[in-house]
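Following: one structure in structure tokens, then a few remarks.
The values are calculated or read from the model by the stated rules, or taken from the named source; none is laboratory data. Everything quoted here is computed from the prediction, not taken from an experiment. Glycine also receives a Cβ, built like all others from the backbone with ideal geometry; neighbour counts cover every protein chain displayed. Keep in mind that these areas ignore ligands, DNA and RNA; they rest on the heavy atoms of the full protein, side chains included. Shrake-Rupley method; radii C 1.70, N 1.55, O 1.52, S 1.80 Å.
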Amino acid sequence: MLKSIIREIMGPAPRAPVSPDCLKPFIGTKRVLIIFADADDDRATVQDELLRTSHLRFIEDDIEVFSIAGGGVFPLFEGSYDLDADEIRDDLEGPQPGEFGLVLLDRDGTVKLRSSEPVRPEEIIGALSSMPH
């Protein structure tokens, strides 16, 4: 009864984003950084340049980086994966197409960082320091 009263006062618990099924192969082994980009948005270009300067660190920390643009999913560094852009955007509650966004997933698939502005690699790596290895 107490739970129902609290739920009535506070409302339902917010829905936690769920790791998309197409990202399940990374669970337990890799962290995943998703960049929602648009060709007409300068923030995507800025983020891309920031990440490329630290690509070796991302590889060392087992972080796969993907850019979602134009309905496709593109690895930032290398590799070939069959990923569904719409599934990732929906399941991670990403921004609308044409808008910029960034989501960092831990090895267990939980969201550890979310931003609507470019993030420096040091901040992304800093978010990792609070994660268990």
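Note on segment 118-133: residues that are open to solvent by 50 Å² or more (accessible area, probe 1.4 Å) and either over 17 Å from D48 (Cβ atoms) or aromatic (F, W, Y) (or both) total 4. In segment 66-82, the residues that are small (G, A, S) form Cβ pairs under 8 Å with partners that are part of a strand (DSSP E or B) and open to solvent by 90 Å² or more (accessible area, probe 1.4 Å), at six or more places apart or across chains, as follows: S67/F74.
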